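See structure below.
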Amino acid sequence: MTDIPLDDFEKRLERLVGGRVRGREPDALDRALSAFYRGAYRRCLDALARAEPGPRVSALREAASALLAGRPQLGVRPCFEALRQGASGPDLYAVLVTLLLAAGDRARAHRVLREGLRRAPGHPVLRRQMEAMGVRKPPVVGFLPRSHPVNRWLGRVRHRYRGANA
């Protein structure tokens, strides 16, 4: 991964996430999402104070607050509720993936990420999250399911062996 100066990163992120690409200035929600993706959760909350209320805004507010408090699992339910209420958009999936990964739930994060990419295959943040998560190695014994005890044990042995020889 290359190091990008913060100013350049913010400009690139604004182009990707913000409204300038669509021919309009970014609104408060765009600024809040940009801050959220950078990990500036307090700045995200400040921007959301000026946003029009709605399910996406409240879900993002809960997510940023949960991450600030160090309890990401508290922000997961509001995001799922916003999705159930019809607040669509790939950004909500990206926020949810961030929360699930912070909570240590990689399996659910991967399912949400796949669903988000199915709905918006070109979304840059979702694509970047998928690249960051990586791809799992195939099971050691291919004809057995991944969850089979033999595959789990051999997978641990393989991981320890490769870690010691790396």
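Other residues with beta-carbon under 13 Å from the beta-carbon of residue 79 carry, at +1 per Lys or Arg and -1 per Asp or Glu, a net charge of 0. The accessible-area ordering, largest first, of the residues 159, 123, 148 stands as 159, 148, 123, per a 1.4 angstrom probe. Of the residues 97, 120, 107, the one whose Cα sits farthest towards the positive end of the charge dipole of the range 69-137 is 107 (charges of +1 on Lys and Arg Cβ, -1 on Asp and Glu Cβ, taken about the Cα centre).
Note that the range 63-166, at 20 °C in a medium of 1.002 mPa s, gets a Stokes-Einstein diffusion coefficient of 138 µm²/s from its Kirkwood radius over C-alpha pairs. The ellipsoid equivalent to the alpha-carbon distribution of the range 62-123 has semi-axes of 19, 13, 9 angstrom, derived from the gyration tensor eigenvalues as √(5λ) and listed largest first. Building the convex hull from the alpha-carbon atoms of the range 104-154 and averaging its projection over directions returns 4.4 nm². Largest accessible area first, the residues 30, 46, 105 order themselves as 46, 105, 30 under a 1.4 Å probe with ligands, DNA and RNA left out.
The values are calculated or read from the model by the stated rules, or taken from the named source; none is laboratory data. The shown structure was predicted, so the numbers you read here are calculated from the model rather than taken from an experiment. In this analysis, Cβ positions are derived from the backbone assuming ideal geometry, glycine residues included, and neighbour counts consider all displayed protein chains. Each accessible area value is taken on the protein alone, full model and side chains, heavy atoms only, with ligands, DNA and RNA left out. Shrake-Rupley method; radii C 1.70, N 1.55, O 1.52, S 1.80 Å.
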